[in-house]
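For reference, the structure discussed in these notes is given below.
The values are calculated or read from the model by the stated rules, or taken from the named source; none is laboratory data. Computed from a prediction, not measured in an experiment: that's the story for all the values here. Every residue, glycine as well, gets a Cβ built from its backbone with ideal geometry; the counts of neighbours run over all protein chains shown.
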Amino acid sequence: MDYSFRWNWVGLQNYMNIVEDPWLPKIFSNTLFYVFTTLTLFNVGLALLVSLVTTHINEKVGAAFRALWLLPRITPSTVYALLWLWATREDPDSLFNWFLGLFGLPPVNWRLEHPWLIVILVNGFIGVSFGMIIFTAALKSIGNDVIWAAKVDGASTWQLIRYVELPLIKWPILFVLAYQTLSLFTSYEYILLTTGGGPGLYTTEVWALYVYDLAFRQYGGIVKFGYGAALAVFLVIMGVVVSVIYLKVFRFRELMIEPKIEVE
């Protein structure tokens, strides 16, 4: 099917083309790298760190810091991406190169030499805010009696976090992991706005962006709605598989067991 909505029955040919596509191994590895790195370093890792730090300092200071971190989330996507492009442009006066200049280092063409760094930073800093809100709410829902009991028993701040708080927010961590993984698998907006999948051939191209490129961006006047749709089906399958793995690892079945109350 094309823009004129003329149908041409091809059976399973679009799915067979997936096996023959020479670029899919690279795009698949790009997707795994992008999802794993952004998820662990930012969407879950840094989000959890920010939540823990801001809930253990002065309450007003912590709330103000979290509010500032929400600014990228409420900034229009195009403006947010343009700010990153401005900060990483190749001339010596850009923000990143100005910082390098403080240490006597030469300017760098960030988009050409380190495109993945830009992609992960752009997506990561905006992705932190979601997990930060969920984790902060979960931490604040822990009863004060539990916290004070641990402190009375002599628990240090690290021991309080390691043995009390983290086990009690296990399920919010599972939710953020699953949700953000699915979100990253299907996200391509900021990659499109910053690197466009380049530089070069598919350097930062991920699965979702490849689907968009095939179905809606014309290369030589040719669009491939059917092939893009077939690739999108596999994207859904990948998300389901990862979700099932998370549920097994976090033993989700235990959450669904009704608590037993013993009455003497």
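For the reader, a short list of remarks on this structure follows.
- Check on R89, under 21 Å from the mean Cα position of the chain (by Cα) and basic (K, R): no
- Flag for I161 being under 30 Å from V241 (Cβ atoms) and in a helix (DSSP H, G or I): no
- Residue match in region 60-67 (condition: farther than 24 Å from G200 by Cα and in contact (Cβ under 8 Å) with a residue 40 or more places away in the chain): yes
- Enumeration of residues in region 163-212 that are acidic (D, E) and crowded, with 20+ Cβ neighbours inside 10 Å: E165, E205
- Selection status of S29, under 30 Å from L160 (Cβ atoms) and either assigned to a helix (DSSP H, G or I) or touching a Ser or Thr at 6+ places or on another chain (Cβ under 9 Å) (or both): no
- Residue that is farthest from W98 (Cα to Cα) [pool: residues in region 38-86 that are touching a Ser or Thr at 6+ places or on another chain (Cβ under 8 Å) and aromatic (F, W, Y)]: F65
- In the set (1) more than 24 Å from T38 (Cβ to Cβ); (2) in a helix (DSSP H, G or I); (3) at pLDDT 90 or above; (4) not basic (K, R), the condition left unmet by V146 is number (3).
- Number of the condition not met by L105 [criteria: (1) touching a Lys or Arg at 6+ places or on another chain (Cβ under 7 Å); (2) not in a helix (DSSP H, G or I)]: (1)
- Residue match in region 70-83 (condition: of a type in the set (V, I, T), in a loop (DSSP other than H, G, I, E, B) and over 30 Å from I169 (Cβ atoms)): no
- Scanning region 88-111 for any residue that is surrounded by 13 or more Cβ atoms within 10 Å (Cβ to Cβ) and of a type in the set (K, R) turns up at least one such residue.
- Figure legend. Inter-residue proximity from region 84-99: first residues within 13 Å of H114 (Cα to Cα), second residues of a type in the set (G, A, S) and exposed (fewer than 12 other Cβ atoms within 10 Å of the Cβ), beta-carbon distance below 6 Å, spacing 6+ or different chains. No pairs are indicated.
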